[in-house]
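The values are calculated or read from the model by the stated rules, or taken from the named source; none is laboratory data. Everything numeric in this text was worked out from a predicted model, so none of it was measured. FYI the Cβ positions are ideal-geometry reconstructions off the backbone, even for glycines, and counts take in every protein chain you see.
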């Protein structure tokens, strides 16, 4: 009978446009849309910033050094036009009005400093709200500085090597897979948790509160099917909806990485492909199924208790934040899976998944996380059953 | 046959409900020690004003509510101790019954047939019989949400009768329906009687009661004020008509 109820509830759920939107359409489309918009906006911004012709205002003495050096820089570093100013007051005023995008003040004794081989001061003005301008100025100045440094070494007849006492070489022993796992691995379960919760929400409300509100629950309760079987049939659809929504989101993310060039780096793509192996996906679902059952078990008592769809929605929606915050904790680099974190629901699943992606999993801790989550899921199902069995909750 | 003995139902009141009812009591007695008997091939009517305890009684008979005290025997099965078994014998229909709007009548009837444990062959046979009887063939594959009230009522009847129950419980089955739609229910009740089924229906519409019932009970504030045959009731009337007599009995109990 559980399967009969499951089949019917699934059929009804798949015919509900609102649930379909939340369960499949939005999760599938969200990442392609976000990645498409982000990549097109950022690439157009980068292109724009690199090719943008900027005006640089300069205050320095006639036949100044900086103007000469700047004009000699290749155009590949960005087109520029130099404007001479008599004082910094006017220069700053024009910078504020965006008539110029960078400003430089070279003091009158600049050349004296250069000749005396002591650091020569240059003040650079930029507007931090005009993104990329500070970087452009730093780029120009570092080239000019390097050129002057070489000239100074030559003048002093010193080999550049002699000024460098130590050659430090930093070697990273972590594989790319480990780094992705530890630093960004929490993102995958985070997406799963957020969409899983959203996917569970509408079917839970529709199948419990909705049935009560529409007056169909009475007839169902007069059939010779034990209440626990009715609960399990319905709960199966809630869990499946959550898993489907989360899988759809991951599928959307994967497709956008594959087809929209979400990741440009070929090496990184190879690592991503190696992470997404069938055994990883099976293990991931093993960890996430008890979590989804736990979500369903938390939502169902609320949906059973609520008298209207609106009431259920107003209680469950804020719960979303309560559930997703622990998932965010797992996103922070440095938060590791240990005896304590393995006992914290939601956090333990995020951290276990991170370890799984990095390939550094401790089987005992992952097993502990799984057991903790399974115990909580069973407890949540038991509470759901107690609520569903209470006649005042089921009938209006 | 339905045998109800010393049936009571007490509900726990929440703080909100106590506030609404302006009472300090932690419980409310909805049905107070009532007993009656419904015979096969006869129609029994449970009469009472709004809030009398009719729906609570009907929900206990259909095993949705568990009684606080008393016994219910449905077709020889103790419905309190063995509700699952009793449900196989009961068809339950209320005026406020909702249907799954996203399913078609065919899907809904099939679903309930399976829930009642009817074999696939029997579901097909019963469906064909009921569709012909209720003239449902034309809309059997349309979504229920798109059907008219009359069509939906026919689907409800079909759902109630798919497992050919020996006892039918109707809780205010015609409430909210127009006379034409209500006629389907009246015919159904009469058909059930002809087939020798046990029929109990709750109502506060005296014309319906006069037309259909053989036996009746009057309930008010959870207490049984009268239980007997329609002929007995008519024989001891102190007013001109059934409605006036019903009102008189209710008022008399309030003043007592």
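Conditions (1) without any contact (Cβ under 8 Å) to a residue 12 or more places away in the chain; (2) in a loop (DSSP other than H, G, I, E, B); (3) in the same structural domain as residue B:128 (by TED's automatic domain parsing), marked per residue:
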site: B:56; (1), (2), (3): no, no, no
site: B:63; (1), (2), (3): no, yes, no
site: B:67; (1), (2), (3): no, yes, no
site: B:70; (1), (2), (3): no, no, no
site: B:84; (1), (2), (3): yes, no, no
site: B:103; (1), (2), (3): no, yes, yes
site: B:106; (1), (2), (3): no, no, yes
site: B:110; (1), (2), (3): no, no, yes
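Restricting to segment A:62-83, name every residue that is over 38 Å from the mean Cα position of the chain (by Cα) and surrounded by 13 or more Cβ atoms within 10 Å (Cβ to Cβ). Answer for segment A:62-83, where residues must be over 38 Å from the mean Cα position of the chain (by Cα) and surrounded by 13 or more Cβ atoms within 10 Å (Cβ to Cβ): A:64, A:65, A:66, A:67, A:69, A:70, A:73, A:82, A:83. Suppose we keep only residues that are free of Cβ contacts under 8 Å to residues at least 24 places away in the same chain, more than 16 Å from residue A:236 (Cβ to Cβ) and surrounded by 15 or more Cβ atoms within 10 Å (Cβ to Cβ) within segment A:1-25. Which one would you say is nearest to the other protein chains (Cβ to nearest Cβ)? Among those that are free of Cβ contacts under 8 Å to residues at least 24 places away in the same chain, more than 16 Å from residue A:236 (Cβ to Cβ) and surrounded by 15 or more Cβ atoms within 10 Å (Cβ to Cβ), it is A:15. Scanning segment B:62-85 for residues that are within 10 Å of chain A (Cβ to nearest Cβ), within 15 Å of the chain's Cα centre (by Cα) and on the phi < 0 side of the Ramachandran plot yields B:62, B:64, B:65. Surrounded by 17 or more Cβ atoms within 10 Å (Cβ to Cβ), in contact with a strand residue (DSSP E or B) (Cβ under 7 Å, 6 or more places away or on another chain) and assigned to a helix (DSSP H, G or I) - does that describe any residue in segment A:203-218? Within segment A:203-218, one or more residues are surrounded by 17 or more Cβ atoms within 10 Å (Cβ to Cβ), in contact with a strand residue (DSSP E or B) (Cβ under 7 Å, 6 or more places away or on another chain) and assigned to a helix (DSSP H, G or I).
Of note, residue A:282 satisfies the criterion of being out of contact with any helix residue (DSSP H, G or I) (no Cβ under 9 Å at 6 or more places or on another chain), more than 14 Å from every other protein chain (Cβ to nearest Cβ) and either assigned to a helix (DSSP H, G or I) or touching a residue at least 60 places away in the same chain (Cβ under 8 Å) (or both). Residue A:70 - would you say it is within 29 Å of residue A:154 (Cβ to Cβ) and assigned to a helix (DSSP H, G or I)? Against the criterion (within 29 Å of residue A:154 (Cβ to Cβ) and assigned to a helix (DSSP H, G or I)), residue A:70 qualifies. Please go through segment B:2-26 and give me each residue that is assigned to a strand (DSSP E or B) and within 14 Å of chain A (Cβ to nearest Cβ), ordered by number. Answer for segment B:2-26, where residues must be assigned to a strand (DSSP E or B) and within 14 Å of chain A (Cβ to nearest Cβ): B:9, B:10, B:11, B:12. Residues that are farther than 30 Å from residue B:247 by Cβ, within 13 Å of chain A (Cβ to nearest Cβ), touching a strand residue (DSSP E or B) at 6+ places or on another chain (Cβ under 6 Å) and buried (at least 17 other Cβ atoms within 10 Å of the Cβ) do not occur anywhere in segment B:105-114. Residues in segment B:212-240 that are touching a helix residue (DSSP H, G or I) at 6+ places or on another chain (Cβ under 7 Å), surrounded by fewer than 17 Cβ atoms within 10 Å (Cβ to Cβ) and free of Cβ contacts under 8 Å to residues at least 60 places away in the same chain: B:237, B:238, B:239. Taking first residues from segment A:26-51 that are in the same structural domain as residue A:244 (by TED's automatic domain parsing) and closer than 25 Å to residue A:135 by Cβ and partners that are at pLDDT below 70 and in a helix (DSSP H, G or I), no Cβ contact under 9 Å between residues at least 6 apart in sequence or on separate chains turns up. Taken together, A:131, A:70 contain a single residue that is touching a residue at least 40 places away in the same chain (Cβ under 8 Å) and touching a strand residue (DSSP E or B) at 6+ places or on another chain (Cβ under 8 Å), which is A:70.
Residues being within 26 Å of residue B:196 (Cβ to Cβ) and within 12 Å of the chain's Cα centre (by Cα): count how many of those fall in segment B:36-61.
Restricting attention to segment B:36-61, the residues satisfying the condition of being within 26 Å of residue B:196 (Cβ to Cβ) are B:36-47, B:54, B:57-61.
From what is left, the residues that are within 12 Å of the chain's Cα centre (by Cα) are B:43-47, B:54, B:57-61.
Of the residues in that region, 11 qualify.
Residues in segment B:115-135 that are in a loop (DSSP other than H, G, I, E, B) and within 12 Å of chain A (Cβ to nearest Cβ): B:116, B:117, B:118.
When A:287, A:244, A:319 are checked against the criterion of being more than 14 Å from every other protein chain (Cβ to nearest Cβ), in a helix (DSSP H, G or I), more than 30 Å from residue B:64 (Cα to Cα) and out of contact with any helix residue (DSSP H, G or I) (no Cβ under 6 Å at 6 or more places or on another chain), a single residue qualifies: A:319. Summed over segment B:130-158, residues that are surrounded by 14 or more Cβ atoms within 10 Å (Cβ to Cβ) and out of contact with any strand residue (DSSP E or B) (no Cβ under 8 Å at 6 or more places or on another chain) total 17.
Taking segment B:198-222 as the range and being farther than 24 Å from residue B:148 by Cβ and in a loop (DSSP other than H, G, I, E, B) as the test, the residues that pass are B:204, B:213, B:214, B:221, B:222. Which one of A:215, A:210 is out of contact with any helix residue (DSSP H, G or I) (no Cβ under 9 Å at 6 or more places or on another chain), within 14 Å of chain B (Cβ to nearest Cβ) and modelled with pLDDT under 90? A:215 is the lone residue from the list that is out of contact with any helix residue (DSSP H, G or I) (no Cβ under 9 Å at 6 or more places or on another chain), within 14 Å of chain B (Cβ to nearest Cβ) and modelled with pLDDT under 90.
Among the candidates A:145, A:151, the residue that is more than 46 Å from the chain's Cα centre (by Cα), within 30 Å of residue A:54 (Cα to Cα), at pLDDT 85 or above and assigned by TED's automatic domain parsing to the domain that holds residue A:65 is uniquely A:151.
Do the conditions hold for residue A:145, that is, is it within 14 Å of chain B (Cβ to nearest Cβ) and out of contact with any strand residue (DSSP E or B) (no Cβ under 8 Å at 6 or more places or on another chain)? It would help to see each step written out before you state the result.
On the way: within 14 Å of chain B (Cβ to nearest Cβ): no; out of contact with any strand residue (DSSP E or B) (no Cβ under 8 Å at 6 or more places or on another chain): yes.
Here the answer is no, as residue A:145 does not meet what is asked.
Criterion first (over 14 Å from residue A:222 (Cβ atoms), out of contact with any helix residue (DSSP H, G or I) (no Cβ under 7 Å at 6 or more places or on another chain), more than 12 Å from chain A (Cβ to nearest Cβ) and in contact (Cβ under 8 Å) with a residue 60 or more places away in the chain) does residue B:40 satisfy it? In short, yes. Whenever a residue of segment A:310-328 is assigned by TED's automatic domain parsing to the domain that holds residue A:200, its partners that are at pLDDT below 80 and in a helix (DSSP H, G or I), lying with C-beta atoms within less than 8 angstrom and at least six residues away or across chains, give the pairs A:327/A:189.
Would you mention how many residues in segment B:184-197 are modelled with pLDDT of 80 or more and in a helix (DSSP H, G or I)?
9
Against the conditions (1) on the phi > 0 side of the Ramachandran plot; (2) modelled with pLDDT of 85 or more, residue A:57 satisfies every one except (1). Quick check, is residue B:93 crowded, with 22+ Cβ neighbours inside 10 Å and either assigned to a loop (DSSP other than H, G, I, E, B) or within 14 Å of another protein chain (Cβ to nearest Cβ) (or both)? The answer is yes for residue B:93.
When residue A:98 is tested against (1) out of contact with any strand residue (DSSP E or B) (no Cβ under 6 Å at 6 or more places or on another chain); (2) more than 17 Å from residue A:128 (Cβ to Cβ), just one condition goes unmet, and that condition is (2).
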